1. For residues that are surrounded by 10 or more Cβ atoms within 10 Å (Cβ to Cβ) and over 20 Å from the mean Cα position of the chain (by Cα), scanning just region 54-78, find the one that is farthest from PRO121 (Cα to Cα).
2. Are any residues in region 51-105 without any contact (Cβ under 8 Å) to a residue 40 or more places away in the chain and of a type in the set (Asp, Glu), and if so, which ones?
Amino acid sequence: MSEMKYCQGPKCHTYRTKDRIRGPKGAKNYQTRKRTSFYYLGGNACGIYCERDWYEKFGEMAVNHFGRIHEPKRTSASGAWYKHRSWRGYDNNEYYFINDLLGERRPITQEQYRDENFVSP
């Protein structure tokens, strides 16, 4: 069984929903949600509101701590290839590598498209 963990939203306990109510009759309170898995904030927040609350409180500190960029990052034309699938129906698809910077498209097979180790033409 997976370990239970608490939502990391700093205001999670303030949202008044029935699933947050805890305690015996006469001493009820709202508590932070506890679950085995969450789908927001990389698996650390119970919902979009808690994700937003976390970012509003800690986002600036996190960006500064983990590395604020001061110059644009760039991808060269040689590293700009990506796989694409042209949807033309159930069995009538086209698979190819595309490079928007070079304006090129190179056909590949369905097997090459599915191969995660095949990353450039």
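Since every read-out is calculated from the coordinates, none of them should be taken as a lab result. Bear in mind the structure is a predicted one, so any value in this text is a computation, not a measurement. Note: ideal-geometry Cβ built from the backbone for every residue, glycine included; neighbour counts use all protein chains shown.
1. Looking at the filtered set, the residue picked out is ALA77.
2. GLU56, GLU60, GLU71, ASP91, GLU94, ASP100, GLU104, listed by residue number.
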